[in-house]
Amino acid sequence: MIDRTADTSPLDTYTLNMGPQHPSTHGVLRLKLTLRGERILAVDPVIGYGHRAHEKMAENRTYAQFFPNTSRQDYLSGLIYNVAWAEAVEKMANIAVPERALVARVILSEFNRITSHLLWVGAFLMDLGAATPFLYVFDEREAILGLLETVTGSRLTYATARFGGLSRDLDDDFPRRARAVLARLEGRWSEWEDLIEGNVIFLQRSQGIGTMTEAQCRAWGVTGPVLRASGVAYDIRKAEPYGAYPRFEFDIPTRPECDAYARYLVRIAEMKQSVRIIEQALDALPAGPILTEGSIGVKKRLKPPAGTFYHNVESARGAYGIVIVSEGGTEPWRAKFRTPSYANLAAMQDIMCNTMVADAVATLGSIDVVIPEIDR
Amino acid sequence: MSPAELVARLEAAGAVVPAPFEHAVGGMQEWRWVGPAHLVAAAQAARDGGYFLESMTCIDRLAAHQSFELLYTFNRYAPASRVAVRALVRQTDAVPSLSGVFPIAAWNEREAWEFFGVTFSGHPNLTWLLLPEDTTFQPLLKSFTAPPPSIYDDSMNPAPPAPEPAAKHE
């Protein structure tokens, strides 16, 4: 490869639009790339194509009426976001949650995390030109989505959480079905390792690509698997424990290489940790009610006390923060959603500079952005 | 630097002001009200203490205080602890930009500008981020309650021409 960084000849710069219609931007995203030859000099992300005013909607709906909006922010971590809204309001209003519901929320959230990472693996490999893994991971995703549909009624966007628990209980056969799905998944790891990690083209296109140091992560507020692939063991499930997570043993996988390959390895390892959490949770699932007796929110309007509250959870993409400002009424005064993809995409303005345009797709794909949660 | 140490540093620098109103807070280890002129120094102290800018929220308090509240939360990796810095800024005042301290603040401030109309001095590119480039209103203000005009709204379009009479079949 000829290094032209020292080239001072009067080559013009060229502005290339990546998007907004592009198969690899994972949503409607426009990246204005300023190129000199094939080297990217600057990246200007243009976002907002999917702005649907969720924060304004939150001010005009009661707390329970906002449940359907939660999954639409990040549709791949829809269940995690749904449960996070319930948890935030429960913290504000001091609503107790029964033990069974706490453990059930962990099981469902971890299944949701696995489906999100599975889709990412397929989409990332597809971006690099490998079409086969996409179908392989979707086969596993189908099994999990079918399982989640039997207990929540939905496959992608969920409205299953309520203030004080979940709206539907897990039936008695659920642990058997869940273990069957986990057993299926267990047989796949070595298959995918042979298919993907042994592939020299994949290694050449992901190792050393899209490097992000810890200092860059800190400057941009990057969280999630991207941060963990830069060597920082920061996971909200351990840093600010919530729900039933403190009861279960799991590791936080990190890698030191800071590149796209490291992010791939971290997500695979995270899926295995999620399986570990689900197995422990299924063993520890207690009997009992799934929703606090007399729980209000849907039938009777909830009026949390006034104040400013921050609730932080680990979504599949990173730290998801909900800021609710309540003035004591039935509707929030202000609800702000600190979404992980927002900071992760903003960091691209720094990371993509001085890289080759051929690696732009791999870099963007490796950070796993979901545009609707950026645009809200 | 622990949250208590960071807060002590802010207080020592004279950045902290008394709370303008009583408001309960949850989910934060420490929170202080800071004068807007001291925001950059507070952010630098947080950065030096190993914190990152986690979020920035603008809250419309025009009805009660004729001001916006800016809520910045800083967090760190280990041990995680959230420190919130809150500033009350009058509607017409410009706020010093934090984009020189934390680059992510450039996007947070653009969002506050386009949704509330808060101006930030020293911002490299204060323009629309999520909204269309020719938006003339600030949607998250409490005073904004009417839907914006739309090409799909008949009142904006000229009256359609009278329909042609049906052609007679021979």
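Values quoted throughout were computed directly from the atomic coordinates according to the rules given, and no laboratory measurement underlies them. Remember, it's a predicted structure, so these values are computed and weren't measured experimentally. No Cβ is skipped: glycine too gets one built from the backbone with ideal geometry, and neighbour counts run over all protein chains shown.
How big, on average over all directions, is the shadow cast by the Cα convex hull of the protein assembly as shown, in nm²?
Working: hull surface 132.4 nm².
The number I arrive at for the protein assembly as shown is 33.1 nm².
For a quick check: sort A:Arg301, A:Arg263 by the number of other beta carbons within 10 angstrom, fewest at the front.
With the fewest neighbours first, A:Arg301, A:Arg263 line up as A:Arg301, A:Arg263.
What is the fewest-to-most order of A:Ile95, A:Ile367 by other Cβ atoms lying within 10 Å of their Cβ?
A:Ile95, A:Ile367
Can you tell me how much longer the chain between A:Ala131 and A:Thr213 gets when fully stretched, taken as 0.36 nm per residue apart minus their C-alpha distance, in nm with one decimal? Please report the intermediate quantities before stating the final value.
Working: separation 82, 0.36 × 82 = 29.52 nm, distance 3.02 nm.
So the extension gain works out to 26.5 nm.
For A:Glu279 and A:Arg52, compute 0.36 nm times the residue count separating them, minus their Cα-Cα distance, and round to one decimal in nm. Present the calculation step by step, with values, prior to reporting the outcome.
Working: separation 227, 0.36 × 227 = 81.72 nm, distance 3.77 nm.
Taking A:Glu279 through A:Arg52 to full extension adds about 77.9 nm, to one decimal.
Among A:Lys238/A:Lys272; A:Lys56/A:Lys336; A:Lys300/A:Lys336; A:Lys238/A:Lys303, which pairs are too far apart, with a Cα-Cα distance over 19 Å?
Over 19 Å apart, Cα to Cα: A:Lys300/A:Lys336; A:Lys238/A:Lys303.
Take every residue in peptide A:238-250, count the Cβ atoms of other chains within 10 Å of its Cβ, and give the average of those counts.
Details: counts 2, 7, 6, 1, 0, 0, 0, 0, 0, 0, 0, 0, 0.
Per residue, the average neighbour count from other chains is 1.
Using alpha carbons only, how many angstrom separate the centre of segment B:8-85 from the centre of segment A:64-118?
28 Å
Could you order peptides A:200-206, A:81-87 by the average number of other Cβ atoms within 10 Å of their residues, highest first?
Numbers: A:200-206: 16.0, A:81-87: 26.7.
Result, highest mean first: A:81-87, A:200-206.
Once both labels are modelled 7 Å past Cα along the beta-carbon direction, what's the B:Ala4-A:Asn17 spacing in nm?
That separation, rounded to one decimal, is 5.7 nm.
Please report A:Lys336, B:Lys142 as a ranked list, fewest other C-beta atoms within 10 angstrom at the top and most at the bottom. If you can, show how the numbers build up before the last one.
Details: A:Lys336 23, B:Lys142 12.
By the 10 Å Cβ count, ascending, the order reads B:Lys142, A:Lys336.
Show log10 I(q)/I(0) for segment A:204-362 at q = 0.09, 0.10 Å⁻¹, two decimals, from a solvent-free Debye sum over equal Cα scatterers.
-0.42, -0.51
Rounded, prolate or oblate, given the Cα gyration tensor of segment A:127-180, with a/c below 1.5 counting as rounded? If you can, show how the numbers build up before the last one.
Numbers: a/c = 4.08, a/b = 1.90, b/c = 2.15.
Oblate shape, in that a/c is at least 1.5 and b/c is the bigger or equal ratio.
Need the list of aspartates and glutamates near B:Lys142 for cross-linking: C-alpha distance under 15 angstrom, and skip anything on the same chain fewer than eight residues off.
Qualifying aspartates and glutamates at Cα under 15 Å: A:Glu55, A:Glu59, A:Glu327, A:Glu331, B:Asp60, B:Glu69, B:Glu114.
Would you mind giving the mean number of other chain beta-carbons within 10 Å of the Cβ of each residue in A:338-346, as a whole number? List each step's numbers first, then the result.
Details: counts 6, 1, 0, 0, 6, 9, 0, 1, 7.
Shielding by partners across A:338-346 averages 3.
For A:Lys91, list the aspartates and glutamates whose Cα falls under 15 Å from its own Cα; do not include residues on the same chain fewer than 8 positions away.
Within the straight-line limit of under 15 Å, A:Lys91 reaches these aspartates and glutamates: A:Glu240.
Which chymotrypsin sites (Phe, Trp or Tyr not before Pro) in segment B:1-62 pass both tests, a DSSP loop state and at most 14 other beta-carbon atoms within 10 Å?
On the way: sites: B:Phe21, B:Trp31, B:Trp33, B:Tyr51, B:Phe52; in loops: B:Phe21, B:Tyr51.
Listed in order of number, the matching sites are B:Phe21.
Nearest 10 degrees, 0 to 90: what angle lies between the long axis of helix B:39-48 and the longest principal axis of chain B (Cα atoms)?
Approximately 60 degrees, to the nearest 10.
At 15 Å minimum axial length over the Cα atoms and a Kyte-Doolittle cut of 0.5, report the qualifying DSSP H helices in chain A, or say none. Working shown, then result.
On the way: long enough: A:78-93 (23 Å, 0.55); A:99-127 (42 Å, 0.66); A:132-152 (30 Å, 0.55); A:174-186 (18 Å, -0.24); A:260-283 (35 Å, 0.01).
Once both thresholds are applied, what remains is A:78-93, A:99-127, A:132-152.
Quick one: grab the alpha carbon gyration tensor of segment A:259-336, order the square roots of its eigenvalues as a ≥ b ≥ c, and give me rounded if a/c is under 1.5, else prolate or oblate depending on whether a/b is larger than b/c. Walk me through the numbers before you get to the answer.
Values: a/c = 4.43, a/b = 1.48, b/c = 3.00.
Taking the square roots of the gyration eigenvalues as a ≥ b ≥ c, segment A:259-336 is oblate.
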